[in-house]
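To start, the structure under review is shown below, and the notes come after it.
Read the figures in this text as sums done on the coordinates, not as results from a lab. Computed from a prediction, not measured in an experiment: that's the story for all the values here. Neighbour counts run over all protein chains shown; Cβ positions are idealised from the backbone, glycine included.
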Amino acid sequence: MPRTPLIAGNWKMNGLSADGAALAEAVAAGASSRAGGCEMLICPPATLLHPIAALLGEALKLGGQDCHAAASGAHTGDCSAEMLADAGCSYVIVGHSERRQHHGEDDAAVRAKAEAAHRAGLVAIVCVGETRAERDAGETLAVIARQIAGSVPPGARAADSVVAYEPVWAIGTGLTATPADAQTVHAHIRAELARSHGASVAEDMRLLYGGSMKPENAADLLAQPDIDGGLIGGASLKAPDFLAIADAAAR
Ligand code: PEP
């Protein structure tokens with residue numbers, strides 16, 4: 001099965017109703033005027049999901065940035081995967097490094113969230129990535145293998161799961177992994193998935209790169225054989241930049 005590139009924007013905690021709607025409309029217009037060749041997704045903050053869902057056409061999908069593992073209950077401030085689906089989402093990011101670092105989420109918690117996403121019919125974008133200290137200690141591939149083993153549900157399939165490799169030191173810093181380094185880690189992720197989930201799941205599952213991807217570096221990263229798209233933070237807040245990255249992916 002050919003892997004359709006996925007370009008996903010993670011708006012993080014940015015956007016009020018007026019500017020969020022304007023950004024979503026600009027991206028949706030750009031997405032619908034393109035011939036396809038890549039799937040496009042935006043993940044605005046939870047407060048904007050409902051209004052933005054009403055603005056999107058067929059060419060742009062909607063996702064959440066996180067979900068709770070439970071479907072409902074006494075979890076003040078949280079949002080379930082079912083609620084995201086109800087708001088119009090088809091994807092959810094789980095295990096972003098900002099959640100792992102600032103909210104103490106470990107691999108077991110991330111896996112439970114990915115399983116919740118599947119229960120609600122959402123595609124889980126499972127994030128993994130090493131810190132600068134782990135990279136400097138030569139532990140990158142071991143850390144990634146451990147995160148894949150612990151975070152990707154055993155029942156994950158290409159249709160319901162995407163893995164995003166996001167080196168923590170590259171997120172929001174302007175630093176980017178070289179295309180060759182990113183490819184090495186992506187090939188490692190695919191090999192780990194082949195061992196844990198079987199060759200055909202690994203072959204079909206999309207692997208995204210995230211970490212200061214922008215129009216200037218997207219084409220070289222996306223040309224790597226095991227990089228099937230991008231998870232984009234800062235550059236997803238500017239419609240022309242996000243659309244330029246999508247153009248690089250569609251080539
Ligand atoms: C992210 O947070 O997922 C991300 C990749 O951010 P940025 O593109 O800003 O590095």
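Once you have the Kirkwood Rh of segment 51-197 from its Cα pairs, apply Stokes-Einstein at 37 °C and 0.692 mPa s and quote D in µm²/s.
For the chosen part, D equals 206 µm²/s.
Where both residues lie in segment 100-213, what percent of DSSP beta bridges are antiparallel, nearest 5?
Around 0 percent of the beta bridges assigned by DSSP in segment 100-213 are antiparallel ones.
Given the DSSP H assignment, sum -39500 (n - 2.57) over each helix run of at least 4 residues in the chain and divide by its residue total; what's the result at 222 nm in deg cm²/dmol, nearest 500?
So the helix-based figure for the chain works out to -12500 deg cm²/dmol.
Mind checking which of S200, V110, A71 is farthest towards the positive end of segment 70-217's charge dipole, using Cβ charges of +1 (Lys, Arg) and -1 (Asp, Glu) about the Cα centre?
Result: S200, furthest along the dipole toward the positive end.
For Q101 and D19, FRET efficiency with R0 = 30 Å and r from the beta-carbon atoms, rounded to 0.05?
Computed FRET efficiency for D19 and Q101: 0.65.
Near the amide H of G64, under 5 Å away, which other amide H atoms are found, from residues 5 or more places off or on another chain, if H is placed in the peptide plane?
Y91, V92, I93
Below 14 angstrom from the Cβ of G57, what's the summed charge of the other residues (Lys, Arg +1; Asp, Glu -1)?
In short, -1.
Let's test this: bin the Cα-Cα distances of segment 115-251 at 5 Å from zero up to the farthest pair and state each bin's percent.
With 5 Å bins starting at 0, P(r) equals 2, 11, 21, 23, 20, 15, 8, 1.
Summing +1 for each Lys or Arg and -1 for each Asp or Glu, what net charge is found among the other residues whose Cβ lies under 14 Å from the Cβ of A239?
Spelling it out: positives minus negatives among the neighbours equals -1.
Antiparallel versus total DSSP beta bridges in the chain: what percent is that, nearest 5?
For the chain, the DSSP antiparallel bridge percentage is about 0.
Run the numbers for A223 and D181: contour at 0.36 nm per residue of separation, minus the present Cα-Cα distance, in nm.
13.8 nm
Whole-Hz ³J(HN,Hα) for each residue in segment 140-157, computed from phi via Karplus 6.51 cos²θ - 1.76 cosθ + 1.60 with θ = phi - 60°, x for glycine and proline: what do you get?
Running phi through 6.51 cos²θ - 1.76 cosθ + 1.60 with θ = phi - 60° gives 3, 5, 5, 4, 5, 4, 5, 5, 5, 4, x, 9, 8, x, x, x, 4, 10 Hz.
I'd like to know which of I144, A53, G234 lies farthest towards the positive end of the charge dipole of the chain, counting +1 on Cβ of Lys and Arg and -1 on Cβ of Asp and Glu.
Of the candidates, A53 comes out farthest on the positive side.
Sort 212-218, 175-181 for me by packing, meaning the mean count of neighbouring Cβ atoms within 10 Å per residue, highest on top.
In decreasing order of mean packing, 212-218, 175-181 become 212-218, 175-181.
What are the aspartates and glutamates whose alpha-carbon lies under 16 Å from the alpha-carbon of K113, with same-chain residues fewer than 8 places away excluded?
K113 reaches D66, D78, E82, E98, E105, D160.
Please report, in cubic angstrom per residue, the volume enclosed by the convex hull of the alpha-carbon atoms of the chain.
Enclosed volume per residue, from the Cα hull, is 113 Å³.
Give the long-range amide H neighbours of G210: residues separated by 5 or more places, or on another chain, with amide H under 5 Å away, using H modelled in the peptide plane at 1.01 Å from N.
Y165, E166, L231
For segment 126-186, just the Cα set please: Rg and Dmax, both in angstrom.
12.1, 35
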